[in-house]
Every structure is written in structure tokens, then in C-alpha cells.
1. Probe radius 1.4 Å, ligands and nucleic acids ignored: give me the carbon and sulfur share of the accessible area of the stretch B:120-173 as a rounded percent.
2. Rounded to whole Hz and in sequence order, give me ³J(HN,Hα) for the stretch B:45-53 from the Karplus expression 6.51 cos²θ - 1.76 cosθ + 1.60, θ = phi - 60°, writing x for Gly and Pro.
3. Around B:Ala23, what is the net charge, scoring Lys/Arg as +1 and Asp/Glu as -1 over all other residues with Cβ under 12 Å from its Cβ?
4. What nm distance separates the two modelled labels at A:Ala42 and A:Thr77, each placed 7 Å from Cα along Cα→Cβ?
5. 7 Å from Cα along Cα→Cβ at both B:Asp48 and A:Gln30: what's the point-to-point distance in nm?
6. How shielded is B:27-38 by partner chains, expressed as the average number of their Cβ atoms within 10 Å of its Cβ atoms?
7. Total Å² of accessible surface buried at the B-A contact, 1.4 Å probe, nearest 100?
8. Let me know the mean shielding of B:146-153 by other chains, meaning the per-residue number of their Cβ atoms within 10 Å of its Cβ.
Amino acid sequence: MTEAEARLEALWKDGLPPARDAMFRLSVLQRIERRRMMHKVAAVAALGLALAVLAWSLAPRMVVTAQAGVWIATLSTIVLLGWTVMTLRRPSLHPN
Amino acid sequence: MTNEADAALVAAARAGASAAFGALVDRHQQAVRAFLRRLAFDPAEADDLAQETFLAAWERLSSFREQASVRSWLCGIAWKKAKGARRSWFRGAARDGAYEAQAALERPECGSPEDRLALEKALSGLPLEQRACVALCLGGELSHADAALALGLPLGTVKSHVTRGRARLLDLLGGRP
């Protein structure tokens, strides 16, 4: 091996990141968790929008008193919020 | 071909096991980060892109085919990320070249600062594809065949790039006293 080849080999190894880097791994897993959270929020928002569109499209066919309408809206909101909380609280990654 | 340990980790990660994906990160982060650093010169930006690479790999686990090695698949994702970030990235790398030159002088690793600067300057003088081939193959991180898969280049092109790039680097380093 020539001197230049030895020098190149030494310099090439010199620039390597550490073989084990717990902080890097943690950062990657944190990004994954944030992405999972965004997916869930997007799914909930999409479901809410779909329900709103459905309700709006059915509205002309329904004869609903104002009071019943308020109850329906309130119950729908509670159900949707409850489902949102249960979905977001569910463990996203298996422990193993 | 992917080895058995990687195949088992990929299968477990597909099932949602975070520890398995973390183990994949541990096994391959050094190679991916080194590849991106040799392309981009700025360790912080390269590491950020490396994290994005693993995030993309997690999202695409279902599309991984066992005909390729996990490392070449990851480097392929990293290569696409690097090309996508190229415009602002390499413009920034040129601007920050002076900073990197000073940082190389101050880094307390083996090898003289002048040699490290010479290596970085030599790498920056290589065409992008040639630099990528050298970055992947020179230290033996990937075989020529795996590098060809990762970069989407013909095998002969990769071999040629590595040979010429290595000769260029040796020429620049060998010319120094």
C-alpha cells in the first residue's frame, strides 16, 4: 500500500459518525411518533368533515325541531370528541 | 440479498415493533450518515437528512423487497432525499465551505487538518454521481452491486466512477508532501 493509499484509508475512517448513537436513534423514533400523531389527527379531521358533509346533505330531508337539532349536534360532538380522545390515547407502538 | 438478521428486524418492524426498527437504525445509521456527510459536508444537515431517510424508510417498510440489502435500500432513499434537497443544500454547502474548512482545521481527529481539507476539497471536485459512488464504496460500506441498486446506475458505471474517483483522490493526496 502506498503512502497516499494509507493516508486516504485513514482519512476515510476518520470522518465516520459513531457506530452506536442512542441520541440519533431516539431522534428518529421521535419523528416517527410525530408522524403517527399527524396521521391520526388528519384521520379524525377527515371523519369530522365527512360527517358534517353527510349531515348537511341529509338536512333538507329531515324534519327536525330546533331543540332536537341542538341535541343531535351536542351528542355528535361528544361522540366525536370521545372517539378522538380514545384514538389518540391508544398506544401507538408495541412495547417489543 | 438482505441478511437474515435484517430480514427478521424488517418483519418485526412491519408488525409495529418499535424496538426492531430502532435496531435497524442502530445497524445502519453510521453508513447512511457517513454517505450523506460525504455528499454534503455539513454534519448537522446530513444528520437531519439521515433522520428523514429513516422516517421515509419506516413509511415504506411494506414496499421493501428482500432482493436488495436493507443498507442499499436505505442509501437509495438517502440518495433521493439528497437530490431533492440539492438546490438549497449544495448552494449552502458552497457558502458554508469556508466554515467547514475552518471546522476541519479544528477537529481533533487523526489525520492532519491539511489532509482533511484536501480530501473534502477533492470530494467536492467530483461530479455528483461519482461522488456518491465513491462515498458508498470506497470504505467498503456497500458492494458495487448494492451501490448500483441504491443509486439506480448500471454496475459498470458505478465501478468506473469508483475507480476514477479513487484515483483522483489518491492523486490529490499523493501530490502532497
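1. 54 percent
2. Here the 3J(HN,Hα) series is 5, 5, 5, 4, 5, 5, 5, 5, 4 Hz.
3. On the way: positive: A:Arg20, A:Arg25, B:Arg27; negative: B:Asp6, B:Asp26.
Neighbourhood net charge equals +1.
4. Those two pseudo-labels are separated by 2.8 nm.
5. 1.5 nm
6. Numbers: counts 2, 0, 8, 7, 3, 2, 5, 5, 0, 1, 3, 3.
Across B:27-38, the average partner-chain Cβ count within 10 Å equals 3.
7. Working: alone 9670 and 8990 Å², together 15270 Å².
Using a 1.4 Å probe, the pair buries roughly 3400 Å².
8. Values: counts 0, 0, 0, 0, 0, 0, 0, 0.
That average works out to 0.
The values are calculated or read from the model by the stated rules, or taken from the named source; none is laboratory data. Remember, it's a predicted structure, so these values are computed and weren't measured experimentally. Neighbour counts are summed over all protein chains in view; Cβ atoms, including those assigned to glycine, are modelled from backbone coordinates with ideal geometry. Calculation scope for accessible area: heavy atoms of the full protein, side chains included, ligands and nucleic acids excluded. Shrake-Rupley method; radii C 1.70, N 1.55, O 1.52, S 1.80 Å.
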